[in-house]
Amino acid sequence: MEARAAAAARPLQVAAIGCCAETGFWDALRRLKLDVLGTDDSPIPITGYYTPRQYEKIASLFRICPESILPPSANSFGDRNNCPVPGTLVNTNNKRGFQNLDRALLLKAEAKKILHDITSGKVEQDPALLLRFLVISFADLKNWKVYYNVAFPSLTFDSKITLLSLKVASEVLSQDEAASLSKAFTEWRKSSETTVVPFFLVNIPPDSSATIRQLKDWKTCQGNGQKVCFVPCIFISYFCWMSSDKSFRRISLFTNYSSCISLIMCKYLDVLMQLLFGFYDHGNRGFPGWALRNYIAFVSLRWKIEKVQFFCYREKRGHPDVQQSLIGEASFPTPHGWDDPGYVPEAIGWEGETAGKESKEKKPKEIDLSSINPASQDEEKQLMHLKLMGWRHFPVNLDKLSRARCLLLGAGTLGCEVARLLMTWGVRKLTVVDDGCVSMSDLVKQSLYTDKDCGVPRVTAIVPHLKERCSAVEVEAIQMEIPKLGHYISANKIASVLDDCKRLQTLVDSNDVVFLLNDTWESMWLPTVLCADKNKIAITTLLGSDSYLVMRHGAGPGTKSGGMDDVIAQIGNLSTEDALGRQRLGCCFCSDTASLIHLDHNETLDQHSTVTLPGLTSVASGKAVELFARMLHHPDEIHAPGDISGMDTEHQLGILPHQMQGSLSKCVLSTVLCNSSSNCIACSNVVLSEYRRRGFYFVMQAINDSTHLKDLTGISDLKKPFACSKISTTIPVHLEKLSSARCLLLGAGTLGCDVARILMDCGVRKLTVVDSGRVVVSNLARQSLYTSDDRDTPKASAILGHLKERCPSVDAKGIKMEIPMPGHPVSPNEAASVLEDCKRLQELVASHDAVFLLTDTRESRWLPTLLCTNENKIAITAALGYDSYLVMRHGAGPGTSCGGSDVVAATDKLSVEDVLGRQRLGCYFCNDVVAPVDSVSNRTLDQQCTVTRPGLASIASGRAADLFTRLLHHPDGIHAPGEIAGTSSEGPLGLLPHQIRGSLSQYNLLTLLGYSSSNCTACSNAVLSEYRRRGMDFVMQVINEPTYLEDLTGLTDLMKSAAYSQVEWVDDDDEIDI
């Protein structure tokens, strides 16, 4: 397109720069945010790439690419088509923060940097500073989207830039000058030093030998002894005319008569030189590019030149394009006050914004990253929660976890749960050993199997179930019976058992960690011997009826004479210490409490089978996997000393105990430290020496000869390692009561899946599940019921099929619904829909016997809590923090001070006691001093997501389901008083606490008792009275104005008095809610 000369001076019009922000850049930002920056939202220096126009009809775009994430000082990438330009990236932690950014202020801050670079002289050394750019963004890591805007700040002052003339270069330059200039630009663009410099000086002397100089050579041009005449751009044409055809036919193009006279005078100066201020022009239109604005400001402010002759350099297919390059002149009077130290210039420059027009709210651009490498993306999504742990808590060593080879001995109740939780921790190499088949009775207990697996070997069935939750996991399945101590082997089976022993030895040797998850403790003996011999990490989980033991075995013995390679020599020199010189920790056979016998076939079915309280497996499995992860992150690993609860530790994952013993019925947890026993039948030096000397001949003799280990270790009686407490068989379990109990589960995520499955194991057969979300890849390993086939399916629908697969008799319903929440205001258009949801939830609570509050946010529990209190329904809350959990039952609703049934009367006369005359227990909100509000929108991703240690949900779920069954069996039901661990007020099924709080970092367990607060925002009489009086109008007001609750309950006055008294409130649930 040909440029037309201006008939008169006019405001400078420039072509805006278009930005191409490549997908790779945003992916690099996503990785940087997730792996390095975390919650840090400080501005980041980045690099963009600028280039002159390359094609005649296509303007060049400013590029932001993967290399851009590196700051200019660390970025060596740059060539003729990629001039590095410094920029600033402001990436917010959440979308609300992005929306609330003060864009004008940010633009001014960048403009101030440009002005400083001009006045300080930095631009002369690094001209690209004139093109500084700004990117604001929000990287939605969870949904793999990025929202962003780009700006190229341009200084604006009280004085305006006026365009005096503008022409295409070919109409101004002579052929010689054009040829010389093309040659000069070709050389300039070939040099790696100069090709990346977007602003420069163009010298065209009378002999037409054009040269290009850098801005830092300005003083040289001034001081070379020659007279430099700054002639308007059209003067160049005069020399062309005078030297070639001696014609003055274009003299009319002079801007004014005086310019003509000046030219005629200058033609007699043989030292005359024309100087143009050149820059790379990205545009393809008949007016200059955006970069000219700051360039003119620089020339005017730095070098005090009010009239600037400029050259807009463009290319065509990599060569100088004189036909489309522009030459022009503009004036810019010096603005007032710009040199004041505190002066902050105004600026424009947001992409899509037009200079001179009032800027409007910019709609952010959106880019979807979900199409990037879908295969590896699934794995990244599954590991995101582990990376988010590093934002505030602990940097997980994902590489170490992914390389750890774990051998699971047992694929039953414990094996399924441990395998799944290991995948959640990032373990990707599993070997599973089992000799059994899936039976119908396994389905509600063993979390991975479905009805289609019945009759199939567990090791065959477990592999696809693990793969459909995590495609990256490598699973080796081995059908094999582990030789058991005390189980006599007949002569015709010796060869087969010997092969099994050797195979087990090979498996232990080729893995890093061994989980002993067998049903019988005698099957743990040989793996324990092999692990001690090979110095392998071994973790044992033993279950009683309502108690459990989780422990790590100590390291194998060192030798008294270090460095000995000869096995025979080492046999006689085994030390009582490990290789680090520490006292060895014991194995599961070191603390003996009962006689060792082989399995008695005359035992009753409950003794022969794994009869445990339904929630016990989840609690023990969670602790076993957490113990493994903590141990793997300890610098001494297997040699790490044992910690006791209450010890101080600086490690972010907390203490590393040796043994954990717990009881569901007593609500206790103790950490125990036990050193290796010299009489241990599995890890003592005498046993290991004998094994190393005789090998499997020793093993076969120990299995068949019940006195051999007794004689070898010098003990009078072989003992079992753990006393598994039993629930009396005379205590009736009310199966009819359990099967008829209608349970409403609010939330079908990590907690919801586990609680639903455990409730079915307890005997519950009527379940309603409410959730508003859909199954995504990151859910699969953490949420026990879903598989890859459920992706993008509503959780409320997907969970039903999986419940039926495990228990065909269950009556399950799923409802896709979002629970209305305080602090999440609704628009008038949404009000009717939200009101319907409130009414629907009210009906659901009224039609069920128990409600489980398993949602992710605090505010989502408010309305269900209010409704349960009003309807006097059992409510169980399970809430997770990073490494702590809360499980509690809400107290009963209030009684009335009058005996009548009139609602209005009852509203005014609510009692502080329940209908049995007991002081009401508190609800989840009774300790709060503020109303529940939006806890998601203005929080970082690790606070929005369920970022917890992977084993925590299993522990809390087991506790929640167990608490429900105890409450249901109590004669007073919801009115049962709260009990504290250690008291003598235990019922027939054990302790019935009000609240259970546990921590994985300190491995402590607390039972707490709290009563209903008169200031509670959910269960206080003031709130209930208002709800009963106004109904859903009250609820809708709270949703839109949550602080109304503070006024209603007196919290506002309480906080004022606290402020006057200088009381510091501590929200003790901060570690629970995420």
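The length gained on full extension between ASP451 and LEU398, counted as 0.36 nm times the residue separation minus their Cα-Cα distance, comes to 15.6 nm.
Past the 30 Å Cα-Cα mark, which pairs from LYS445/LYS816; LYS623/LYS804; LYS839/LYS1056; LYS493/LYS534; LYS160/LYS219; LYS142/LYS467? Violating the 30 Å limit, Cα to Cα: LYS839/LYS1056.
A full extension of the chain between ALA1022 and ARG317 corresponds to an added length of 246.0 nm, given 0.36 nm per residue minus the alpha carbon distance.
Within the accessible area of the stretch 356-501, the carbon and sulfur atoms contribute 51%, probe 1.4 Å, all protein chains present.
Measuring nothing but how far apart in sequence close Cα pairs (under 8 Å, 6+ apart) lie, relative to its length, the stretch 365-470 scores a relative contact order of 23 percent.
The alpha carbon convex hull volume per residue for the stretch 38-139 rounds to 135 Å³. Per the Cα gyration tensor, the stretch 986-1051 maps to an equivalent ellipsoid with semi-axes of 34, 16, 11 Å, ordered largest to smallest.
Check which residues have an amide H placed less than 5 Å from GLU476's amide H, if you skip close sequence neighbours. So GLU476 has HN proximity to LEU430, THR431, VAL432. Near the amide H of THR88, within less than 5 Å, lie the amide hydrogens of ILE46, PHE133, LEU134, VAL135, all on another chain or at least 5 residues away, with H placed in the peptide plane. Note on ASN829 and ASN675: the model spin-label points, each 7 Å out from Cα along the C-beta direction, lie 7.4 nm apart.
Across the stretch 747-761, rounded Karplus estimates of 3J(HN,Hα) from the backbone phi angles (6.51 cos²θ - 1.76 cosθ + 1.60, θ = phi - 60°) give x, 10, x, 4, 5, x, 4, 5, 5, 4, 5, 5, 4, 5, 5 Hz, Gly and Pro being marked x. Under a model in which nothing but the beta-carbon of Lys, Arg (+1) and Asp, Glu (-1) is charged, the stretch 120-230 shows a dipole of about 360 debye around its Cα centre. Name the residues whose placed amide hydrogens come within less than 5 Å of the amide hydrogen of ALA741, ignoring near sequence neighbours (fewer than 5 apart) on the same chain. Distant-sequence amide H within range of ALA741: ARG765. Of interest is the spacing of the C-alpha centroids, which for the stretch 966-1017 and the stretch 660-699 amounts to 35 Å. Working note: Debye formula, equal point scatterers on the alpha-carbon atoms of the stretch 284-394, no solvent; log10 I(q)/I(0) at q = 0.10 Å⁻¹ is -0.64. The tail of the calculated P(r) for the stretch 616-660, taken as Cα-Cα distances beyond 18 Å, holds 25 percent of the pairs. The packing ranking of peptides 755-761, 33-39, highest mean first, is 755-761, 33-39, where packing means the average number of other beta carbon atoms within 10 angstrom of each residue.
Using a simple spin-label model with points 7 Å from Cα along the Cα→Cβ vector, what separation in nm is obtained for ILE980 and ASP35? Label at ILE980, label at ASP35, 5.1 nm between them.
Phi angles across the stretch 814-819 convert, under the Karplus curve 6.51 cos²θ - 1.76 cosθ + 1.60 with θ = phi - 60°, into 3J(HN,Hα) values of x, 10, 8, 7, 8, 7 Hz, Gly and Pro given as x.
Rg and Dmax over the alpha-carbon atoms of the stretch 918-999 stand at 16.3, 47 Å. When ASP519, ASP40, ASP578 are compared by accessible area of protein heavy atoms, the largest-first order is ASP519, ASP40, ASP578, using a 1.4 Å probe. Remark: the stretch 113-185 is approximated by an ellipsoid whose semi-axes, taken from the C-alpha gyration tensor as √(5λ), come to 37, 20, 16 Å, largest first. Here the label points at ALA495 and GLU843, each 7 Å from Cα along the C-beta direction, are separated by 7.2 nm in the simple model.
Taking all protein chains together and rolling a 1.4 Å probe, THR983 ends up with roughly 60 Å² accessible. Between LYS183 and PHE77, the FRET efficiency estimated from the beta carbon spacing at R0 = 22 angstrom works out to 0.20. In plain terms, the chain from ASP648 to GLU468 could stretch by 60.7 nm, reckoned as 0.36 nm per residue minus the Cα-Cα distance.
Working from the Cα coordinates of the stretch 758-820, the gyration tensor eigenvalues give, after taking √(5λ), semi-axes of 19, 15, 10 Å in decreasing order. Per residue, the solvent-accessible area of the stretch 115-178 (1.4 Å probe, heavy atoms of protein chains only, all protein chains present) comes to 30 Å².
Shown for the stretch 399-523 is the translational diffusion coefficient from the Stokes-Einstein equation, using the Kirkwood radius over Cα pairs, a temperature of 4 °C and a viscosity of 1.567 mPa s: 86 µm²/s. Hey, if you put +1 on the Cβ of every Lys and Arg and -1 on every Asp and Glu Cβ in the stretch 390-502, which of VAL459, LEU401, GLY412 ends up farthest toward the positive end of that dipole? About the Cα centre, the residue reaching furthest to the positive side is LEU401.
If you wrap the stretch 317-461 in the convex hull of its Cα atoms and look at it from every side, the mean projected area works out to 21.2 nm². Peptides 826-837, 87-98 ranked from most to least packed, by the mean per-residue count of other Cβ atoms within 10 Å: 87-98, 826-837. Short to long, the 10 Å bins of the Cα pair-distance histogram for the stretch 831-887 hold 22, 50, 23, 5 percent of all pairs. Accessible area of MET384 (1.4 Å probe, protein heavy atoms only, ligands and nucleic acids ignored): about 20 Å². Computed from backbone phi, the HN-Hα couplings of the stretch 125-140 come to 7, 9, x, 4, 4, 5, 9, 2, 10, 9, 10, 10, 7, 10, 8, 7 Hz, rounded to whole numbers (Karplus: 6.51 cos²θ - 1.76 cosθ + 1.60, θ = phi - 60°; Gly and Pro given as x).
Each Lys and Arg Cβ is given +1 and each Asp and Glu Cβ -1; about its Cα centre, the stretch 426-564 then shows a dipole of about 400 debye. Which of rounded, prolate or oblate describes the stretch 900-1052 when judged by the alpha-carbon gyration tensor and an a/c cut-off of 1.5? Oblate.
Dipole size in debye (nearest 20) for the stretch 36-173 around its Cα centre, Lys and Arg Cβ +1, Asp and Glu Cβ -1? Please report the intermediate quantities before stating the final value.
Details: 16 positive and 13 negative charges, 78 e Å.
The calculation lands at about 380 debye.
The values are calculated or read from the model by the stated rules, or taken from the named source; none is laboratory data. Keep in mind that what you see is a predicted model, and the values were worked out from it rather than measured. Cβ coordinates were reconstructed from backbone atoms using ideal geometry, including for glycine residues, and neighbour counts include every protein chain displayed. For the accessible areas, the whole protein counts, side chains as well, though only heavy atoms, and no ligand, DNA or RNA atoms are used. Shrake-Rupley method; radii C 1.70, N 1.55, O 1.52, S 1.80 Å.
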